[in-house]
Amino acid sequence: MKITRAFLILFMLAARAGAYAGNDIVNDTIPYMVKGNFMDDYGIRYTINDTIWTQLPNIKYHIINRNTTEQYLLARNDEKNPGEPGLYTRIDYMIFSNMAPFLWGYCLTTYNAKTIEEAQEKAKADRENPKKGCNGYPFSRMKRTD
């Protein structure tokens, strides 16, 4: 039986993706509070669902893995992004209390990792210090717009 090169490549990609389907994914969906249409405290708009994080108008992160216990997402940067196309991003998030209208915040812990493993292993954001816990910068605070 002859195996085509395309089939072999697809098999290898599926096997590699399967390596992240175990304990790292705590839930198949991201929390409701993080889904929807938002604006951050810099006036940037976002649309976020279980599979794609869009920073409007044209920056997209394709969500590969989510860990709701440790509150982070792993994503592949869209090939058409103006910066770091095709690389990997770790998005750490945290839920806020007493900060209305800002419900939660996020940190691009890394946005230019060469592999998903590298993105996952980057130092975690410091949620104890949200004003400087994102690589020395504040978490971007998000408020719902829908």
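Any read-out appearing in this document is the output of simple, stated calculations on the displayed coordinates, not a laboratory observation. On a predicted model such as this, the values are computed, not experimentally measured, just so you know. Cβ placement follows ideal geometry from the backbone for every residue including glycine, while neighbour counts extend to all protein chains displayed.
In terms of the ratio Rg/(2.2 N^0.38 Å) built on C-alpha atoms, what value belongs to region 61-106?
Values: Rg = 13.0 Å, N = 46, 2.2 N^0.38 = 9.4 Å.
That works out to 1.38 for region 61-106.
Couplings for region 106-120, taken from phi via the Karplus curve 6.51 cos²θ - 1.76 cosθ + 1.60 with θ = phi - 60°, read 9, 9, 7, 4, 8, 9, 9, 6, 6, 9, 5, 4, 4, 4, 5 Hz in order; Gly and Pro are left as x. Amide H contacts for Ala113 (H built 1.01 Å from N in the peptide plane; partners 5 or more residues away or on another chain; cut-off under 5 Å): Tyr88. Considering only the other residues whose Cβ falls under 13 Å of the Cβ of Ala125, what net charge follows from Lys and Arg at +1 and Asp and Glu at -1? Value of the local net charge: +2.
P(r) tail for region 26-144: Cα pairs beyond 20 Å make up 37% of the total.
Close amide H pairs (under 5 Å, H built 1.01 Å from N) link Asp41 with Arg141, residues at least 5 positions away or on another chain. Placing +1 on the Cβ of each Lys and Arg and -1 on the Cβ of each Asp and Glu in region 42-139, which of Leu74, Gly105, Asn49 has its Cα farthest towards the positive end of the resulting dipole? Positive-most Cα among the choices belongs to Gly105. Taking 0.36 nm per residue of separation and subtracting the current Cα-Cα distance, fully stretching the chain between Glu118 and Lys131 would add 2.2 nm.
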